[in-house]
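Novice: Before I ask anything, let me first share the structure, which is written out below as structure tokens.
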Amino acid sequence: MNRRELLKALGAAGALSLLGQPAIAATRNKRAHIVIVGGGIGGATAAKYLRFAAPAVKITLIEPVKRFVTCLRSNDVAVGHMTLDDITFTYDALRSKYKVNVLHDRVIGFDPDKKAIQLDAGGNMGYDKLIVSPGIDFIFGDVEGYTREAAETTMPHAWKAGPQTLLLKRQLEAMPQGGTFLMVAPPNPFRCPPGPYERASLVAEWCQKHNPRAKVVILDHKDAFTKDVPFKKAWERLYGFNTPDSMIEWIPAARGGKPKRVDAANRTVIAEAGTFKADVVNYIAPQRAAPLAFRMGLTNRDGWCPVNRRTFESEIVRDVHVIGDACVGDSMPKSGYSANSQAKVAVQAIADLLDGKTPGEPSMINVCYSLAGQDYGVSIADIFKVVDNRIVKLPASGVSPVTDSPAQPLLEAVYQRNWHRTFANDCFA
Ligand code: FAD
């Protein structure tokens, strides 16, 4: 049926409204200005995929740094398997391939009524839709003696890759023979749930080669952690876990793992289980959404940003979508993979809303590979859907099985390296 026949068949009025809709939507799309704040994993993915979801819109990405250091594989940097350069990415492809206007600046203010953000360099910028992916901040002062200054000098958290990652590496290398590496693992929810246990594993492996009498002690706020079954099996196989000579000791909350006080100058943590004086203290502080989320009034009482789980639009401020670690993700972990998945859902929802359509039903994914040793990987894979405005895991999800096959963990370590390469490209290239 050609256009004239269609008009005849439907009657002029009906046909005009039917044919008119896409044209109106395209006009709306062309005029829209979508601003993305934060060019980390979530923000970079959103900028790229928005170009596919809404080809005609104007996209501006605001990110202070010109070269973004990802946290992914930063534990490998801390033990010298990789360098910071290996995990650093630029915004060249977003600019040249996806025509994103990348502005290296910081957002310092926000007027939701005027739909404008304020830039540090001066001036305001208007938006039609705003995507915010600002990451996390650390909570200091919860435990007496643990301060921001302590984190930057004596007790690095190294939970944002960069100078603290290198500080932790130098401290590890300077640890006396037979010394103690003490880690404090944070309470839930926090960025990268398997990350502390991967780091403890890689430090133990490093010590086997360079400091064989050293010990790695983990004081934990929790009694269980993600992938704990395959991790503990790996620790048994690789580091003598559960034997008197174990290189790794894990002290859960139930056995007094929670820290009560810190003496940063003496690298000492006082926990319910006793006083732990160490040579290196990697204190991974409790976390909340980044300061920008608070400044913009996007946070709830728990310090995270509540969102409509189908669109990631803020439940507090209209036309602002919050993705990544800063948002309330329910059973979705705070990971780069989650941030990437949420970015894709949010941009499709924005494209649909701009076109006057109801956003569809999202399906989201998280896959986390971790290394329990350089050639020993463990993973978790989950698929999520939204039920009653909560993100829930589908039963098909799974953790690496513990098998007797030496190929199983070896292959997972290979997958981890390949995943990292392709994932970084998905976000930045
Ligand atoms: P980020 O990537 O932190 O990006 C936030 C961005 O916002 C930053 O670039 C920041 O400069 C910018 N920003 C903040 N404030 C402002 C402002 N006022 N104005 C403008 N911009 C601003 N995840 C995985 O999936 N797989 C892994 O293997 C993995 N390994 C990890 C290992 C470690 C040791 C750690 C610590 C984390 C790991 N993660 C991993 C987690 C992953 O790094 C985070 O979940 C991910 O970076 C979250 O993305 P995001 O966009 O929310 O925040």
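The values are calculated or read from the model by the stated rules, or taken from the named source; none is laboratory data. Please read these numbers as outputs of a predicted model, since none were measured by experiment. Here Cβ is always computed from backbone atoms with ideal geometry, including for glycine, and neighbour counts include all displayed protein chains. Heavy atoms of the whole protein, side chains included, go into the accessibility calculation; ligands, DNA and RNA do not. Shrake-Rupley method; radii C 1.70, N 1.55, O 1.52, S 1.80 Å.
Novice: Per residue, how much accessible area does the range 204-328 have with a 1.4 Å probe, in Å²?
Specialist: Value for the range 204-328: 42 Å² per residue.
Novice: I need the fraction of alpha carbon pairs in the range 225-382 separated by more than 21 Å, rounded to a whole percent.
Specialist: Cα-Cα pairs in the range 225-382 separated by more than 21 Å: 63 percent.
Novice: What ³J(HN,Hα) values, in whole Hz, does the Karplus curve 6.51 cos²θ - 1.76 cosθ + 1.60 give for the range 363-372 when θ = phi - 60°, with x put for Gly and Pro?
Specialist: Once θ is set to phi - 60°, the couplings for the range 363-372 become 10, 10, 9, 9, 10, 10, 9, 10, 9, 8 Hz.
Novice: Once amide H atoms are built 1.01 Å from N in the peptide plane, which residues 5 or more positions from Ile365, or in another chain, come under 5 Å H to H?
Specialist: Amide H neighbours of Ile365, under 5 Å, 5+ apart: Phe384.
Novice: Would you list which aspartates and glutamates come within 16 Å of Lys169, measuring only between C-alpha atoms, while excluding same-chain residues fewer than 8 positions from it?
Specialist: Lys169 reaches Asp76, Asp85, Asp86, Glu152, Glu198, Glu205, Asp279.
Novice: Oh, and also: What does the C-alpha gyration tensor say about the overall shape of the range 140-290? Classify as rounded when a/c is under 1.5, otherwise prolate if a/b is larger than b/c, or oblate.
Specialist: Note, shape of the range 140-290 comes out rounded.
Novice: Using only the alpha carbons of the chain, what is the convex hull's orientation-averaged projected area in square nanometres?
Specialist: 24.3 nm²
Novice: Mean separation of Cα pairs under 8 Å and 6+ residues apart, divided by the residue count of the range 317-405: what relative contact order is that in percent?
Specialist: Value for the range 317-405: 23 percent.
Novice: Over the range 55-149, what relative contact order in percent results from Cα pairs under 8 Å that are six or more residues apart?
Specialist: Relative contact order of the range 55-149: 22 percent.
Novice: Select from the range 283-370 those trypsin sites (Lys or Arg not before Pro) which occupy a DSSP coil region and have at most 15 other Cβ atoms within 10 Å, ordered by residue number.
Specialist: Arg301, Arg318, Lys357
Novice: Determine the calculated [θ] at 222 nm for the chain from helices alone, applying -39500 (n - 2.57) to every DSSP H run no shorter than 4 residues and normalising by the residue count; nearest 500 deg cm²/dmol.
Specialist: On the way: 12 runs with 141 residues, N = 429.
My calculation for the chain gives -10000 deg cm²/dmol from helical runs alone.
Novice: Under the rule a/c < 1.5 gives rounded, and otherwise a/b versus b/c splits prolate from oblate, where does the range 260-351 land using the Cα gyration tensor?
Specialist: Because a/c hits 1.5 or more and a/b exceeds b/c, the range 260-351 counts as prolate.
Novice: In straight Cα distance, which lysines are under 16 Å from Lys393, not counting same-chain residues fewer than 8 positions off?
Specialist: Straight-distance partners of Lys393: Lys227, Lys334, Lys385.
Novice: Further, regarding this structure: Which ³J(HN,Hα) values, rounded to whole Hz and listed in residue order, are derived for the range 287-298 from phi using the Karplus coefficients 6.51, -1.76 and 1.60 in 6.51 cos²θ - 1.76 cosθ + 1.60 with θ = phi - 60°, glycine and proline given as x?
Specialist: 10, 8, 5, 4, x, 4, 4, 5, 4, 7, x, 9
Novice: Now, a different point. Under a Cβ-only charge scheme (Lys and Arg +1, Asp and Glu -1), can you give me the dipole magnitude of the range 163-275 about the Cα centre, in debye to the nearest 20?
Specialist: My answer is approximately 160 debye.
Novice: For a quick check: with amide H placed at 1.01 Å from N, whose amide H comes under 5 Å from Cys327's, ignoring anything fewer than 5 positions away on the same chain?
Specialist: Correct list: Cys305.
Novice: In the Gaussian network model of the chain, springs joining C-alpha atoms below 10 Å, which of His157, His81, His33 carries the largest mean-square fluctuation?
Specialist: Between His157, His81, His33, it is His81 that shows the largest mean-square fluctuation.
Novice: Around Ile131, which amide H atoms from residues at least 5 apart in sequence, or from another chain, sit under 5 Å from its own amide H, with H modelled in the peptide plane?
Specialist: Answer set, sorted by chain and number: Val35, Ile36, Val37, His321.
Novice: With unit charges on the beta carbons (Lys and Arg positive, Asp and Glu negative) and the dipole taken about the Cα centre of the chain, which residue among Asn266, Val399, Asn425 sits farthest to the positive side?
Specialist: Among Asn266, Val399, Asn425, the one farthest towards the positive end of the dipole of the chain is Asn425.
Novice: Each residue of the range 156-173 in turn: what ³J(HN,Hα) in whole Hz from Karplus with 6.51, -1.76, 1.60 and θ = phi - 60°, glycine and Pro shown as x?
Specialist: These are the phi-based 3J(HN,Hα) values: x, 8, 6, 9, 10, 5, x, x, 5, 4, 6, 4, 4, 4, 5, 5, 4, 5 Hz.
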